[in-house]
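Shown next, in structure tokens, is the structure this report addresses.
The values are calculated or read from the model by the stated rules, or taken from the named source; none is laboratory data. All values reported here derive from a predicted model rather than from experimental measurement. Neighbour counts run over all protein chains shown; Cβ positions are idealised from the backbone, glycine included.
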Amino acid sequence: MPKRVDHEERRRHIVRALWRLAERGGLGAVSFREVAAEAGVSVRSVQYYFGTKVELLRAANQQALQLVGSRLTRRLLALMDGEPSPRTVVATIAHEFLPTGDESRRAMLLYYVFYTAQMTDPALRGAGEVPRGFIDLVADQIRRAQQAGTVPAHVVPELEAGLLLAVVPGAASGVLAGYATLEDATALVDYAVDRIFGPA
């Protein structure tokens, strides 16, 4: 009886091979031939599942965003077991973007590999779920704090959330690029959160 192929798992296997290449050398190291060799499959298999390089890169970008999103979701679910303050929710999620271990480092490195590629390749644009979700979540928590009287009414939630979104990836990229320590990045994120909610 012929072995059944799990096509979704095969697609994920090929994408993970692309991720490994991108982690080592950026997207410039990615070609169907290189991905096939890394995945241990034929070039024809890569073409069968993804058709074009753009389709392959889009799929890899989407799965990289899902990796970041799933980490954030896990942290949120863990928080919601209790009754966290808005400040705790925002600080926890902001710190989740920092490369504190192997999994978070990989997630953020892949996020940046594709983020920078989108700046010059319009075909890869359109995957803004994580940034938009971050802004919505932070803005909602600021409004909660305003209702509780712990953040002044004049603070504009969406603008503060946008500023925090600008700070957090910048802090993470400094660690990934080696010009900032994790301690530096953590202090910067803490300072940005304190600006909104006051010191812990």
Picked from region 170-191 (must be within 21 Å of G133 (Cα to Cα) and surrounded by fewer than 19 Cβ atoms within 10 Å (Cβ to Cβ)), the residue farthest from the chain's Cα centre (by Cα) is D190
Given R125, R106, which one is buried (at least 16 other Cβ atoms within 10 Å of the Cβ), more than 17 Å from Y191 (Cα to Cα) and among the basic types (K, R)?
R106
Which residue, of V156, V189, V193, is in contact (Cβ under 8 Å) with a residue 24 or more places away in the chain, out of contact with any His (no Cβ under 7 Å at 6 or more places or on another chain) and hydrophobic (A, V, I, L, M, F, W, C)?
V193
D136: farther than 17 Å from R58 by Cα, at pLDDT below 95 and not assigned by TED's automatic domain parsing to the domain that holds G25, yes or no?
yes
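This table checks each residue for (1) under 19 Å from D121 (Cα atoms); (2) surrounded by 14 or more Cβ atoms within 10 Å (Cβ to Cβ); (3) touching a residue at least 40 places away in the same chain (Cβ under 8 Å); (4) among the small types (G, A, S).
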{"residue": "H7", "(1), (2), (3), (4)": "no, no, yes, no"}
{"residue": "A29", "(1), (2), (3), (4)": "yes, yes, no, yes"}
{"residue": "G40", "(1), (2), (3), (4)": "no, no, no, yes"}
{"residue": "Q47", "(1), (2), (3), (4)": "no, yes, no, no"}
{"residue": "K53", "(1), (2), (3), (4)": "yes, yes, no, no"}
{"residue": "L56", "(1), (2), (3), (4)": "yes, yes, yes, no"}
Matching residues in region 62-101 - criterion: being without any contact (Cβ under 8 Å) to a residue 12 or more places away in the chain and part of a helix (DSSP H, G or I):
Q66, S70, T73, R74, L77, A78, T88
